[in-house]
1. Would a scan of the range 10-23 turn up a residue that is within 17 Å of the chain's Cα centre (by Cα), part of a strand (DSSP E or B), under 28 Å from residue 173 (Cα atoms) and not basic (Lys, Arg)?
2. Which residues, counting only those in the range 35-61, are of a type outside the set (Asp, Glu), without any contact (Cβ under 8 Å) to a residue 40 or more places away in the chain and either over 14 Å from residue 11 (Cα atoms) or in a helix (DSSP H, G or I) (or both)?
3. Suppose the filter is charged (D, E, K, R), surrounded by fewer than 16 Cβ atoms within 10 Å (Cβ to Cβ), over 25 Å from residue 19 (Cβ atoms) and in contact (Cβ under 8 Å) with a residue 40 or more places away in the chain; does residue 124 pass it?
4. Return the total of residues in the range 92-116 being out of contact with any Lys or Arg (no Cβ under 7 Å at 6 or more places or on another chain) and without any contact (Cβ under 8 Å) to a residue 60 or more places away in the chain.
5. Given (1) surrounded by 14 or more Cβ atoms within 10 Å (Cβ to Cβ); (2) within 20 Å of residue 125 (Cβ to Cβ); (3) touching an Asp or Glu at 6+ places or on another chain (Cβ under 8 Å), identify the lone condition not met by residue 90.
6. For residues in the range 19-67 being of a type in the set (Gly, Ala, Ser) and closer than 20 Å to residue 100 by Cβ, which is surrounded by the most Cβ atoms within 10 Å (Cβ to Cβ)?
7. For the condition over 24 Å from residue 7 (Cα atoms), assigned to a loop (DSSP other than H, G, I, E, B) and not polar (S, T, N, Q), what is the one hit in 155, 91, 150?
8. State the number of residues belonging to the range 143-162 that are touching an Asp or Glu at 6+ places or on another chain (Cβ under 6 Å) and surrounded by fewer than 14 Cβ atoms within 10 Å (Cβ to Cβ).
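Bear in mind these aren't lab numbers, they're just calculated from the coordinates by the rules spelled out. Being a predicted model, the structure only gives us computed values, none of them experimental. No Cβ is skipped: glycine too gets one built from the backbone with ideal geometry, and neighbour counts run over all protein chains shown.
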Amino acid sequence: MVEKAQIGIVPCLPTDCSLLRKIGLRAFTEAFAAQNNKADFDSYVAKAFDPALLALELETQASEFYFAKIGGQVAGYLKLNHPPVQEEDFGNNCLEIQRIYSLAAYYGCGVGVALLKKAFGISREHGYDFVWLGVWEENHRAIRFYHKHGFEVFGSHPFLFGTDLQTDLLMRVFM
């Protein structure tokens, strides 16, 4: 684990697509490869981290990506969705955290907290009522983290991971 350090949050630009893909694949693999069937995992990441899809997501006006950096190195990233491009429709007065990941080497260094603070600040700037996200029901570490930061479960939805139909808990925190 890296010592706690100053964390900078910087926007991802369309020109950062390759780096975003590299960091995204690494963080996702560290977080989920061991708990899932390899074929399902490979199928999912091939789609979710497709370079053309990431490039399109980076160009989407209602989405925002940010890198968390420590000592000039990317330590994690955040993807936010404003209405109307959210995964679920909870109206126009909320912000979705679609992805929030820290690389394993930076667990415990405050990367997740810094990225959450960025999301909360953006939510307040827009006057949103709440921030919400979906988290795999088996991701107990993340669920504890979100509870610690005020999120509460308010529902669930199915999430197709390759051919494995999983359940994501829907969590939100009011601003």
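1. Yes: one or more hits.
2. Hits for the range 35-61 are 38, 45, 46, 47, 48, 49, 51, 52, 53, 54, 56.
3. yes
4. Of the residues in the range 92-116, 9 are out of contact with any Lys or Arg (no Cβ under 7 Å at 6 or more places or on another chain) and without any contact (Cβ under 8 Å) to a residue 60 or more places away in the chain.
5. (3)
6. Going through the qualifying residues, I end up with 27.
7. Numbers: 155 fails: assigned to a loop (DSSP other than H, G, I, E, B); 150 fails: over 24 Å from residue 7 (Cα atoms).
Answer to the check: 91.
8. The total comes to 1.
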